[in-house]
Amino acid sequence: MPSMFDQELQDLQGRIWVDVREAKECQAQGVSIQAGNLPLAYEDAVQLVRRLNKALRSVQRVHIRRRLETVRNSICFCFGPEFEAAHRYEDAAQ
């Protein structure tokens with residue numbers, strides 16, 4: 001059974017700004033995201049971070065990696081340190 005804190009975390013909503021160039025690079029890597037002021041629910045943010053982490057494993061060019069990391073970091077910072085600790089590097093450990 002989830003704790004009270006986990007239930008509150010699941011209910012969080014946030015907004016991030018995604019630049020047009022970052023959105024294009026994400027879409028080129030198979031991560032569908034729109035440019036502009038993007039509202040995110042907690043579960044959507046988790047899925048996006050997982051897809052970005054997966055895409056980052058296959059990207060070699062530094063400027064593309066930086067754009068993908070910028071989007072991932074924006075999502076992580078939007079939802080706070082608990083989200084970041086739980087999801088930012090989860091795929092790197094596998």
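Values quoted throughout were computed directly from the atomic coordinates according to the rules given, and no laboratory measurement underlies them. Predicted model only: the values in this text are computed from it and were never measured. Cβ: placed from backbone, ideal geometry, glycine included. Neighbour counts: every protein chain shown.
Conditions tested, residue by residue: (1) farther than 16 Å from residue 15 by Cα; (2) among the hydroxyl-bearing types (Ser, Thr, Tyr); (3) out of contact with any Asp or Glu (no Cβ under 7 Å at 6 or more places or on another chain).
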| site | (1), (2), (3) |
| --- | --- |
| 34 | no, no, yes |
| 37 | no, no, yes |
| 44 | no, no, yes |
| 53 | yes, no, no |
| 58 | yes, yes, yes |
| 61 | yes, no, yes |
| 85 | yes, no, yes |
| 88 | yes, no, yes |
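Considering only residues in segment 16-35 that are among the aliphatic types (A, V, I, L, M) and in a helix (DSSP H, G or I), the one that is nearest to the chain's Cα centre (by Cα) turns out to be 23. Is at least one residue of segment 36-56 aliphatic (A, V, I, L, M), touching a residue at least 12 places away in the same chain (Cβ under 8 Å) and assigned to a loop (DSSP other than H, G, I, E, B)? Within segment 36-56 (the criterion being aliphatic (A, V, I, L, M), touching a residue at least 12 places away in the same chain (Cβ under 8 Å) and assigned to a loop (DSSP other than H, G, I, E, B)), the answer is no, since none of the residues qualifies.
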